[in-house]
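Enquirer: Pasting a structure below so you can have a look.
The values are calculated or read from the model by the stated rules, or taken from the named source; none is laboratory data. All values reported here derive from a predicted model rather than from experimental measurement. As a convention, Cβ positions derive from the backbone with ideal geometry for all residues, glycine included, and neighbour counts pool all protein chains shown.
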Ligand code: UGA
């Protein structure tokens, strides 16, 4: 079946702002872009039909399922600093507000590609008996969340419950779904830079870049020994395009979408970003790292994932997907983009031709 119209809920967010152009380049479809804020999204293509609305509005859900072939749902409050400070809003955004959408897709037989999260696996990779494993697998791993008083897991728990609702509609009803579990996608337009276009603690990449630009210390929570496998927005968008194209292969499947080759410690990420920054802004203050306790940084109720490395065998096998971008390839473009948009606000002296500057020693990836 030809895809005529795709709804992207949360199109104005970080992931949506990368996914919409990728969908336009790949498909002839009209994109129903829904969000409350479109500042990050390029809407110059006439095939983008923007609607300013909230996903919990019943009329919006009715309109979207009435006119689209596929719904891609991206909306969530996906910033860990909010999980323990605004847990009710976090749970509503990831569960309560989306149940009517899932029910409508099931009732009117509209295909749903729903973005869940790698957070559902919890603290670390375990099998169904709770024994530690190396990789997180969609169909065999257990899900190890902390106790209820560790409110960090409010988001993971809400996301997991919605996955179970979607799964039930798919296996006991007629909902055609695919669930995406992204693993630490990084790139331009992520969250905000504190003090410039937002307040609070953003996710780790914009937090470190903001600290570099303002000349403050890069905060390493509990020493930065925890690890993440980072992935590019391009690899993520490619996986979603393949799910759309390979409809039968993606039907009623959960997919890890991440890059196991980019598994590094948070300290190493800080060091690599600092090295890239020095290369491009040699006149800026020397970057400094600072250890900070999780309690001091995030407050009570925070908890952390020690490491999360995806098993991507299923996405490779069923979709023919293969993540390509290494951290070394991603970091220069990301730094360039942030410098272009923010450097004048921080009065940084920029290097226009970085190839003329001696390359600093950068530690290589562990993954
Ligand atoms: C978050 C979200 O919870 C997920 O929903 C989302 O899928 C995921 O990011 C993602 O980007 O895919 P997490 O990886 O813990 O999960 O988010 P970050 O805030 O980016 O933190 C990564 C690690 O860096 C954590 O261990 C955190 O404690 C640490 N961190 C963060 C620092 O050391 N310094 C900072 O300034 C910020």
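Enquirer: Name the residues in segment 146-155 that are under 12 Å from residue 117 (Cβ atoms) and either outside any helix (DSSP H, G or I) or without any contact (Cβ under 8 Å) to a residue 40 or more places away in the chain (or both), would you?
Expert: Those that are under 12 Å from residue 117 (Cβ atoms) and either outside any helix (DSSP H, G or I) or without any contact (Cβ under 8 Å) to a residue 40 or more places away in the chain (or both): none in segment 146-155.
Enquirer: Something else about it: Collect the residues in segment 193-222 that are within 20 Å of the chain's Cα centre (by Cα), buried (at least 17 other Cβ atoms within 10 Å of the Cβ) and more than 8 Å from the ligand (Cβ to nearest atom), keeping them in residue-number order.
Expert: 193, 194, 206, 209, 210 - these are the residues of segment 193-222 that are within 20 Å of the chain's Cα centre (by Cα), buried (at least 17 other Cβ atoms within 10 Å of the Cβ) and more than 8 Å from the ligand (Cβ to nearest atom).
Enquirer: Is there a residue in segment 256-275 that is more than 10 Å from the ligand (Cβ to nearest atom), modelled with pLDDT of 95 or more, buried (at least 22 other Cβ atoms within 10 Å of the Cβ) and farther than 30 Å from residue 72 by Cα?
Expert: The answer is yes; a qualifying residue exists.
Enquirer: Let me ask something additional. What pairs can you find where one residue is in segment 8-33 and surrounded by 21 or more Cβ atoms within 10 Å (Cβ to Cβ), the other is outside any helix (DSSP H, G or I) and modelled with pLDDT under 95, and their Cβ atoms are less than 7 Å apart, with a gap of 6+ or different chains?
Expert: Between residues of segment 8-33 that are surrounded by 21 or more Cβ atoms within 10 Å (Cβ to Cβ) and residues that are outside any helix (DSSP H, G or I) and modelled with pLDDT under 95, the close pairs are 14/191.
Enquirer: Return the total of residues in segment 290-326 being within 12 Å of the ligand (Cβ to nearest atom) and either in a loop (DSSP other than H, G, I, E, B) or over 26 Å from residue 150 (Cβ atoms) (or both).
Expert: Summing the residues that are within 12 Å of the ligand (Cβ to nearest atom) and either in a loop (DSSP other than H, G, I, E, B) or over 26 Å from residue 150 (Cβ atoms) (or both) in segment 290-326 gives 8.
Enquirer: If the Cβ limit is 9 Å and pairs must be 6+ apart or interchain, which residue in segment 282-308 that is without any contact (Cβ under 8 Å) to a residue 24 or more places away in the chain pairs with which residue that is surrounded by 15 or more Cβ atoms within 10 Å (Cβ to Cβ) and in a loop (DSSP other than H, G, I, E, B)?
Expert: Qualifying pairs under 9 Å: 295/302.
Enquirer: Give the residue that is surrounded by the most Cβ atoms within 10 Å (Cβ to Cβ), with candidates limited to residues of segment 132-161 that are within 20 Å of the chain's Cα centre (by Cα) and away from the ligand (no atom under 16 Å from the Cβ).
Expert: Among them, the one singled out is 137.
Enquirer: Return only the number of the condition from (1) surrounded by 16 or more Cβ atoms within 10 Å (Cβ to Cβ); (2) within 16 Å of the ligand (Cβ to nearest atom); (3) assigned to a helix (DSSP H, G or I) that residue 89 does not satisfy.
Expert: (1) is the only condition that residue 89 fails.
Enquirer: So, one more: Collect the residues in segment 44-65 that are in a helix (DSSP H, G or I), in contact (Cβ under 8 Å) with a residue 40 or more places away in the chain and either in contact with a strand residue (DSSP E or B) (Cβ under 8 Å, 6 or more places away or on another chain) or farther than 16 Å from residue 8 by Cβ (or both), keeping them in residue-number order.
Expert: The answer is 58, 62, 64, 65.
Enquirer: Can you tell me which residue within segment 1-27, out of those that are in a loop (DSSP other than H, G, I, E, B) and either modelled with pLDDT of 95 or more or in contact with a strand residue (DSSP E or B) (Cβ under 7 Å, 6 or more places away or on another chain) (or both), is nearest to residue 186 (Cα to Cα)?
Expert: Residue satisfying both the conditions and the ranking: 13.
Enquirer: Hey, among 237, 232, which residue is away from the ligand (no atom under 13 Å from the Cβ), within 13 Å of the chain's Cα centre (by Cα), at pLDDT 95 or above and closer than 25 Å to residue 273 by Cβ?
Expert: Unique residue meeting the criteria: 237.
Enquirer: Could you please give the count of residues in segment 111-127 that are away from the ligand (no atom under 11 Å from the Cβ) and either modelled with pLDDT under 95 or in a helix (DSSP H, G or I) (or both)?
Expert: 0
Enquirer: Tell me whether segment 100-109 contains one or more residues that are touching a helix residue (DSSP H, G or I) at 6+ places or on another chain (Cβ under 8 Å), closer than 18 Å to residue 250 by Cβ and assigned to a strand (DSSP E or B).
Expert: There is no residue in segment 100-109 that is touching a helix residue (DSSP H, G or I) at 6+ places or on another chain (Cβ under 8 Å), closer than 18 Å to residue 250 by Cβ and assigned to a strand (DSSP E or B).
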